[in-house]
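The values are calculated or read from the model by the stated rules, or taken from the named source; none is laboratory data. This is a predicted model, so every value here is computed, not measured. Glycine also receives a Cβ, built like all others from the backbone with ideal geometry; neighbour counts cover every protein chain displayed.
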Amino acid sequence: MEAIVELLQKNARFSSAEIADRLDMDEAEVIRHIKELEENGTIFGYHAVIDRERSGDTSVSAMIEIKLTPQRDGGFDKLAERIAKFDQVTNCYLMSGGYDLAVIVEGETLNDVARFVSERLSTVDGVIGTSTHFQLKVYKQNGFIASAGFKPERLPVTP
Amino acid sequence: MKPLEDRIAKQVASIPRSGIRDFFELVQGRDDVISLGVGEPDFAAPWHIREAAIFALEKGQTSYTSNLGLPSLRESISKYVTKKFDVKYDPKTEVLVTVGVSEALDIACRALLDPGDEVIYHEPCYVSYSPSIVMAYGKSVAIQTKLEDKFALLASDVEAAITDRTKILLLNFPTNPTGAVEPIEELEKIAKLAIKHDLIVISDEIYSELIYGENGIDVGEHTSIASLPGMKERTILLHGFSKAYAMTGFRLGYSCAPHVLTEAMMKIHQYSMLCAPIMSQLAAVEALENGDAEVERMRKAYAQRRNLLLRKFRKMEVPCFSPGGAFYAFPDIRQFGLSSMEFAHRLLEEESVAVVPGTAFGPAGEGCVRCCYATAYDELEIALEKIGNFVSRLKS
């Protein structure tokens, strides 16, 4: 199972047949394992990692630091779950250090994000303050280097 | 003027051209070829190692080092070898950093052989073994290992090859080109023979990190002959960074051997090579200190490709023993009635897939071809499909 997770984490498009080839397993067994991983929530989704600049996507992304007042019942969890539910929020993490939540927000324009932060996020009961950092350029995302280029050559036959 | 051909030293003239060169020339210049003929990783050296080399250059570390190699690298090697092989070497006197294992083997032979001394080694093997022995005026005595034994070396064959001129036993497990590993029982018997006949053992263990366990994914077991009782004092352990760390172009290897042997090898090394490149040495320190995770990542990738390859050969009904190490498979093509050379030539002509004829590694390689699976998975898949097409045409 661990080996399957490792492979899918690297490339979610590996077919079950390919995973079976790579791990020397039965394909049916691979399918069964993947289903189990999906059902028990180990795998919570699949998506392509897109170079937005190339895809022509002009939307913007920002990292928002949020300070919270912990609630008596459930600490940060309730608030964090509430914030995470917004469609604009793509990632949401509880952090150690100077602030409590790190949230990634996406919007069509700078204004969209700014409005979302000021009107929706900062007005949530329990949010004490926010600090917004707009993303300027992507160099690496989810383990992939943007604009993969040069491939060094090897001699075709060597001892 | 006498023809220049006549000026070449007899010893050098006597060495045949490498079979691999002939094949290389056929493949070179064709850009449609998928090559399983390469003997090196398809990965670039891990970034943290490259970064260490860049940092070394930035700091202006461009000078000679001690002939033996940087003390810090020898410390790291000694620590690593103790952990990995369970043999302790004094970094001050028993470790020598070389320009690849190739240099280490060359100077080991030159340090030990007097004209006519015999070296026993096992074929199929890496192409430089016999030439290295011959250039040191030794006599190379090849034992032909067999497909039936999964190309393991039998102690009984070693015993039969020993004469009163035998000085060295040269071992390479896991083996290039077969991927063979040596069963521990045979290794123990061979160690006893070495002690009984007072032989020096040179053990080239360059592939010893790339070992595959029973389930095809987990790391397998490797025992160095140097770690067996009574063997450290008669063994020259050769290892390096090319394969496991994907650092072929850094040209860096090392030998671990008793002080007297190290000192003799160092004499040749200091006059012919002076020292290994310092930036490679600094990169190697980084590799040993922080490289384990990357080695395992690459080993796992090889393991997956190995699984694919064995599976596809099974489907093609081409027998291929399950190689325990390195990144080579050595399928048996005898059923097609072609020589290894003919098979490789036709596969190249008809399907544009390059494999290396087994005979490039010695006569015992006849009937097999070497397929290197240090090739991107997708390319390997296509190559195997093409081999499948070729094979089914041969069968029909």
Point to revise | For B:GLU263: the one exception among (1) in contact (Cβ under 8 Å) with a residue 60 or more places away in the chain; (2) more than 30 Å from B:ASP198 (Cα to Cα) | key: (2)
Review point. Scanning segment A:127-143 for residues that are more than 14 Å from chain B (Cβ to nearest Cβ) and farther than 14 Å from A:GLU65 by Cα, which turns out modelled with the highest pLDDT?
Key: A:LEU136
Practice item. Answer yes or no as to whether A:ILE43 is within 17 Å of the chain's Cα centre (by Cα), on the phi < 0 side of the Ramachandran plot and buried (at least 17 other Cβ atoms within 10 Å of the Cβ). Key: yes
Review point. Does A:LYS78 satisfy the criteria of being in the same structural domain as A:ALA114 (by TED's automatic domain parsing) and either over 30 Å from B:ALA374 (Cα atoms) or surrounded by 13 or more Cβ atoms within 10 Å (Cβ to Cβ) (or both)?
Key: yes
Exercise for review: Just give me the residues in segment B:191-219 being part of a loop (DSSP other than H, G, I, E, B) and within 14 Å of another protein chain (Cβ to nearest Cβ), in sequence order.
Suggested key: B:ILE206, B:TYR207, B:GLY213, B:GLU214, B:ASN215, B:GLY216, B:ILE217, B:ASP218
Point to revise | For B:GLY69: the one exception among (1) at positive phi; (2) exposed (fewer than 15 other Cβ atoms within 10 Å of the Cβ) | key: (2)
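Per-residue answers, yes or no, for (1) at pLDDT 95 or above; (2) outside any loop (DSSP other than H, G, I, E, B); (3) not assigned by TED's automatic domain parsing to the domain that holds B:VAL99:
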residue	(1), (2), (3)
B:ILE20	no, yes, yes
B:PHE23	no, yes, yes
B:ARG30	no, no, yes
B:GLY39	no, no, yes
B:ALA53	yes, yes, yes
B:THR65	yes, no, no
B:SER72	yes, yes, no
B:GLU75	yes, yes, no
B:VAL81	yes, yes, no
Check your understanding: Taking into account only those residues within segment B:27-41 that are crowded, with 18+ Cβ neighbours inside 10 Å and more than 7 Å from chain A (Cβ to nearest Cβ), which is farthest from B:GLU381 (Cα to Cα)?
Key -> B:PRO41
Study note, to complete from the structure: Residue count, segment B:116-151, condition touching a strand residue (DSSP E or B) at 6+ places or on another chain (Cβ under 9 Å) and assigned to a loop (DSSP other than H, G, I, E, B), comes to 9
Check your understanding: Counting residues that are acidic (Asp, Glu) and closer than 30 Å to B:TRP47 by Cβ, which strands (runs of 3 or more DSSP E) fully inside segment A:43-159 reach at least 2?
Key -> none
